[in-house]
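Working notes, structure below.
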Amino acid sequence: YKRQVLFGDAEPGGRLPTTWPRRLADAPVPDTAPVDGVVAYDEGVFIGYRAWERSGRTPAFWFGHGLGYTTWSYDSIAAEGTTVTVALTNTGPRPGREVVQIYVSDGSDRRLGGFDVVEADPGETVLTTVFLPERAFQTWSDGWRTAEGEYTVEAAHHVTDPRLSVTVKI
């Protein structure tokens, strides 16, 4: 399989599960060593890609980054409740695989709500439906609680490359 990917006969289409700094000194949360057996989480929920977004710094590679041998157009997005459907087209010359990432934002916090993997031949349009869990619309306050209101739901290639958005009311 490695040889097939290397020579372009197979589509790698994977995504990074973490954000990679250009250099360690750029990391927004550099101190994760326990002191007297305790790790202080002074950054709250702003860890990983959320810490990078808050810091204004640009890493070498963002959470969800990945390359492939083809290109994709994100054509449409629709949401009914917590069900999100995205149409996308393989616009490149080769068969490919794309990881469609769905981010949820209430205006003050943005987080990964779900994702799905699609495959398509050149010129083919495919649909994917992502069922967002209740947790995507919850915050912690002496337990997980659903925060009612309007949310922006984005379909993205990676965390800083949103392609489409829709508003949902919970």
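Backbone geometry of region 60-68 corresponds, through the Karplus equation with coefficients 6.51, -1.76 and 1.60 at θ = phi - 60°, to 3J(HN,Hα) couplings of 5, 9, 7, 3, x, 5, x, 10, x Hz, x marking Gly and Pro.
For Ala120, the shell of other residues with beta-carbons less than 11 Å away shows a net charge of -3, using +1 for Lys and Arg and -1 for Asp and Glu. Loop-located trypsin sites (Lys or Arg not before Pro) across region 55-115 with a Cβ neighbour count of 14 or fewer within 10 Å are Arg57, with loop assigned by DSSP.
Could you list which residues have their amide H under 5 Å from that of Phe61, counting only those 5 or more apart in sequence or on another chain, with H placed in the peptide plane? Under 5 Å from the amide H of Phe61: Trp20. Here the Karplus relation 6.51 cos²θ - 1.76 cosθ + 1.60, evaluated at θ = phi - 60°, turns the backbone of region 95-108 into coupling constants of x, x, 9, 10, 9, 7, 9, 10, 10, 10, 9, 9, x, 10 Hz, with x for every Gly and Pro. In a Gaussian network model over the chain where Cα atoms closer than 10 Å are linked, find which of Ala25, Ala156, Ala79 has the largest mean-square fluctuation. Among Ala25, Ala156, Ala79, the largest mean-square fluctuation in the Gaussian network model of the chain belongs to Ala25. The fraction of accessible area contributed by carbon and sulfur in region 72-169 is 47 percent, rounded to a whole number (1.4 Å probe; ligands and nucleic acids excluded). Taking amide H as placed 1.01 Å from N in the peptide plane, the amide H of Asp75 sits under 5 Å from that of Ala87, Leu88, Thr89, each at least 5 places away or on another chain. Rounded to whole numbers, the Karplus 3J(HN,Hα) couplings from phi for region 37-46 are x, 10, 9, 7, 9, 5, 7, x, 7, 8 Hz, using 6.51 cos²θ - 1.76 cosθ + 1.60 with θ = phi - 60°, and x at Gly and Pro. Put simply, the chain fits an ellipsoid with semi-axes of 30, 24, 12 Å; these come from the alpha carbon gyration tensor as the roots of five times its eigenvalues, largest first.
The values are calculated or read from the model by the stated rules, or taken from the named source; none is laboratory data. Here the structure is a predicted model, which is why all the values come from computation and not from measurement. Methodologically, a virtual Cβ is constructed for each residue, glycine included, from the backbone with ideal geometry; neighbour enumeration extends over all protein chains shown. Calculation scope for accessible area: heavy atoms of the full protein, side chains included, ligands and nucleic acids excluded. Shrake-Rupley method; radii C 1.70, N 1.55, O 1.52, S 1.80 Å.
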